[in-house]
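*Asks:* Before we start, here is the structure in question, set down as structure tokens.
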Amino acid sequence: MTLHPTIAAVTQRITDRSARGRAAYLDGVRAAASQGPARGALGCTNLAHGFAACGPAEKLGLRGTVKPNIAIVSAYNDMLSAHQPLETYPALLKEAVREAGGVAQFAGGVPAMCDGITQGRAGMELSLFSRDVIAMATAVALSHDMFDGALLLGVCDKIVPGLVIGALSFGHLPTVLVPAGPMTSGLPNAEKSRVRQLHAEGKAGREELLTAEAASYHSPGTCTFYGTANSNQMLMEVMGLHLPGASFVNPDTALRRELTRAAGRGILELTAPAGQYTPIGEVVDERAIVNAVVALLATGGSTNHTLHLVAMAAAAGIDLRWDDFAELSAAVPSLTRIYPNGTADVNHFHAAGGTAFLIGELLDAGLLHPDARTVTGSSLAESYRSEPTLENGQLVWRKGPAASLDENVLRPVGEPFAPDGGLRMLDGNLGRAVIKVSAVQAQHRVVRAPARVFDDQSEFLDAFAAGELDRDLVAVVRHQGPRANGMPELHKLTPALGVLQDRGHAVALVTDGRMSGASGKIPAAIHLTPEAAAGGPIARLRDGDLIEVNADTGTLEVLLDAHELANREADTKQAPPVTGTGRELFASFRSAVGAADRGASVFAHGEAR
């Protein structure tokens with residue numbers, strides 16, 4: 001299996017660039033591991049506190065250091081469909097760990113918020129920062145020095161990256177991510193999108209819209225479109241942090257139950273006492289990070305991961321940059337069509353061959369590192385071409401399909417939907433931005449039109465409702481970056497922009513905010529950095545400025561004389577203090593957060609080294 005030259009070159013560049021930071025990180029991991037089970041060094045009072053609530057058998061096991069003790073950290077709540085299935089996992093995992101000869105303790109919970117619920121609301125301004133809160137909460141849960149390994153329960157948006165970042169701060173602990181799976185398919189995505197646009201035009205009422213939405217998001221499990229939540233699951237599997245094939249098995253099925261139990265048994269095999277020590281800090285290496293980027297590109301995944309993967313890599317001492325995404329995207333073909341990049345959902349993808357077929361294709365093409373370590377104890381190539389199934393009630397893994405069962409959804413490398421990964425970087429006199437083109441038709445990938453500048457998404461929606469935008473335009477929505485207001489997603493703009501495009505207008509979006517997992521058919525230059533609140537060039541734009549968004553050449557320009565642009569006064573929008581919906585509690589985050597291309601992190605390791 002020969003590694004593709006671009007994959008090899010980018011990996012080497014990341015490795016060289018990261019050498020100092022990665023070495024320091026691994027030194028810390030190995031120093032912590034060399035101490036053995038940390039609870040062995042606890043004083044008697046400390047240790048007694050640590051097992052006081054356990055049953056007699058667990059107390060006996062934890063008094064010594066022979067039985068491994070596993071931390072369970074969960075993002076369970078019963079309001080969010082994706083996390084509701086996690087309610088029963090701790091008891092199931094404790095039982096599986098106990099039967100396999102260990103002890104498990106529920107170490108802590110982390111918050112889990114939903115961008116789908118907070119979309120267009122003040123709560124969305126807490127969303128991105130919740131990732132770093134989750135990382136800190138994970139670290140708090142693991143801080144008691146009682147554990148030999150960890151099971152992390154989470155699914156959506158910022159939750160999985162936060163869990164991983166927190167776990168990497170305890171990089172000496174073996175760690176398995178435990179997913180919950182997607183809800184079954186509901187209203188077809190094309191119909192959902194049609195009703196949304198009708199509502200944006202005033203041709204469908206609220207009751208019709210709510211009926212469509214409720215038919216789409218209808219049961220426990222992850223939303224079935226290929227947004228950040230399902231991109232998380234894909235990346236965790238390709239990074240070797242899930243069991244093979246675990247990502248897209250529906251909740252409340254016998255197979256899902258057995259996969260959860262297998263995670264409990266499997267974590268014990270990775271602990272030092274079992275002799276197959278596999279800490280997360282060594283699983284998440286440069287190979288795993290590159291594999292994750294490749295999988296993101298091959299599947300048209302969420303642009304949120306141009307933030308999250310950078311931040312996760314930094315937590316492991318690895319310096320990943322947007323240029324790496326761009327170079328890899330040119331070499332990685334698009335192999336899936338999952339909404340919003342197509343009409344199918346993740347259940348269709350799973351039925352067509354799923355991760356086993358996808359990973360096999362990428363491995364055979366030399367686009368993944370086959371020797372990357374995984375939580376199976378073996379390499380990616382050895383374990384992740386397989387898919388789980390039940391035989392006589394027992395969980396087994398069998399070889400995945402040799403061919404796609406639906407090439408409208410999942411294709412082989414030799415017959416891709418597109419020759420590249422559909423995620424591109426834009427550079428120009430407005431700064432750097434990300435654009436996802438996998439759902440954008442070729443004729444819409446270059447837009448040159450006058451700017452209409454807004455400082456809030458509500459201003460755009462008001463102008464649309466008033467009929468002011470029925471023309472070619474580049475909608476500029478600024479003061480949406482991490483320093484301004486936490487970098488909210490701006491998906492409420494999508495139906496209106498879609499209406500304008502369908503009317504035959506050339507339309508694009510430029511913003512220092514996010515569109516992320518559901519980025520669709522409108523060309524959107526997002527995550528623009530430097531942001532307006534940092535005095536970036538976007539703060540100098542005015543209505544009528546001619547802007548070119550060119551996904552083909554990778555450029556983002558305002559067609560102004562350089563001297564004029566430089567000498568314009570920046571509109572830095574000296575807004576009143578942000579209060580309400582808990583936003584005042586995050587003032588220190590807004591002042592400390594790094595740039596989007598460094599992961600928009602409040603942690604020091606999120607900045608360039």
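*Asks:* Leaving out same-chain residues fewer than 8 places away, which aspartates and glutamates sit with a Cα under 12 Å from that of Lys436?
*Replies:* Asp420, Asp552
*Asks:* Related question: Using the per-residue mean of other Cβ atoms lying within 10 Å as a proxy for protection, in what order, highest first, do the peptides 468-478, 498-508 fall?
*Replies:* Listed from highest to lowest mean packing, they are 468-478, 498-508.
*Asks:* Taking 0.36 nm per intervening residue step and subtracting the Cα-Cα distance, what contour gain separates Asn429 from Ala587 on full extension?
*Replies:* Values: separation 158, 0.36 × 158 = 56.88 nm, distance 2.98 nm.
Separation in residues times 0.36 nm, less the Cα-Cα distance, equals 53.9 nm.
*Asks:* For the pairs Lys67/Lys158; Lys67/Lys399; Lys94/Lys399; Lys158/Lys203; Lys59/Lys94; Lys203/Lys492, flag any whose C-alpha to C-alpha distance is greater than 26 Å. Could the numbers behind the result be given before it?
*Replies:* On the way: Lys67/Lys158 33 Å; Lys67/Lys399 34 Å; Lys94/Lys399 30 Å; Lys158/Lys203 34 Å; Lys59/Lys94 14 Å; Lys203/Lys492 17 Å.
Those over the limit are Lys67/Lys158; Lys67/Lys399; Lys94/Lys399; Lys158/Lys203.
*Asks:* To the nearest 20 debye, what charge dipole does the chain have about its Cα centre, counting +1 at the Cβ of each Lys and Arg and -1 at the Cβ of each Asp and Glu? Provide the component values of the computation, followed by the final result.
*Replies:* Details: 52 positive and 64 negative charges, 223 e Å.
The calculated dipole for the chain is roughly 1060 debye.
*Asks:* Next question, about the same structure. With a Förster radius of 22 Å, plug the Cβ-Cβ distance of Thr389 and Arg265 into 1/(1 + (r/R0)^6) and report the FRET value to the nearest 0.05.
*Replies:* Calculated value: 0.80.
*Asks:* State, to one decimal in nm, how far the label point of Asn77 lies from the label point of Val140, with both points 7 Å from Cα in the Cβ direction.
*Replies:* Placing both labels 7 Å along Cα→Cβ, they lie 1.4 nm apart.
*Asks:* Now for a separate question. Length gain on complete extension for the stretch Val396 to Glu468, per 0.36 nm per residue less the alpha carbon to alpha carbon distance?
*Replies:* Computed gain between Val396 and Glu468 is 20.0 nm.
*Asks:* So, one more: What's the extension gain from Arg194 to Asp543 if we count 0.36 nm per residue and subtract their Cα-Cα distance?
*Replies:* Full extension of this stretch gives 122.6 nm more.
*Asks:* If you take the charge dipole of the stretch 423-575 about its Cα centre, with +1 on Lys and Arg Cβ and -1 on Asp and Glu Cβ, which of Phe460, Gly513, Val476 is farthest toward its positive end?
*Replies:* Farthest towards the positive end: Gly513.
*Asks:* Please get the size of the charge dipole for the stretch 307-426, origin at its Cα centre, with Cβ charges of +1 on Lys and Arg and -1 on Asp and Glu, quoted in debye to the nearest 20. Present the calculation step by step, with values, prior to reporting the outcome.
*Replies:* Numbers: 8 positive and 15 negative charges, 35 e Å.
Dipole of the stretch 307-426, to the nearest 20 debye: 160 debye.
*Asks:* Nearest-5 percent of antiparallel DSSP beta bridges in the chain?
*Replies:* So the antiparallel bridges in the chain amount to around 45 percent.
*Asks:* When ranked by the protection proxy of mean other Cβ atoms within 10 Å per residue, highest first, what sequence do the peptides 521-527, 160-166, 105-111, 336-342 form?
*Replies:* 160-166, 521-527, 336-342, 105-111
*Asks:* Could you work out the per residue convex hull volume over the alpha carbons of the stretch 1-117, in cubic angstrom?
*Replies:* 226 Å³
*Asks:* Using packing as a proxy for protection, rank 451-463, 560-572 so that the peptide with the highest average count of other Cβ atoms within 10 Å comes first.
*Replies:* So the order, starting with the most tightly packed, is 451-463, 560-572.
*Asks:* In addition: Along the charge dipole of the chain, Cβ charges K/R +1 and D/E -1, which of Leu47, Ala566, Ala141 sits furthest on the positive end?
*Replies:* In the chain, that residue is Leu47.
*Asks:* Rounded to the nearest 0.05, what FRET efficiency is calculated for Thr88 and Cys54 with R0 set to 30 Å and r the Cβ-Cβ distance?
*Replies:* The computed FRET efficiency comes out at 0.90.
*Asks:* Here's something else I'd like to know. Tell me the Kirkwood hydrodynamic radius of the stretch 423-575 in angstroms, computed as one over the mean inverse distance between distinct C-alpha pairs.
*Replies:* The Cα-based Kirkwood calculation yields 15.0 Å.
*Asks:* Would you be so kind as to identify which of Ala351, Ile117, Thr65 lies farthest towards the positive end of the dipole of the chain, taking Lys and Arg as +1 and Asp and Glu as -1 on Cβ and the Cα centre as origin?
*Replies:* Ranked along the dipole, the leading option is Thr65.
*Asks:* Please report, in debye to the nearest 20, how large the charge dipole of the stretch 423-575 is about its Cα centre when each Lys and Arg carries +1 at its beta carbon and each Asp and Glu carries -1 there. Numbers along the way, then the final one.
*Replies:* Values: 17 positive and 21 negative charges, 96 e Å.
Dipole about the Cα centre, nearest 20: 460 debye.
Every number here is computed from the coordinates shown, using simple stated rules; none is lab data. Keep in mind it's a predicted model, so treat the numbers as computed, not measured. Every residue, glycine as well, gets a Cβ built from its backbone with ideal geometry; the counts of neighbours run over all protein chains shown.
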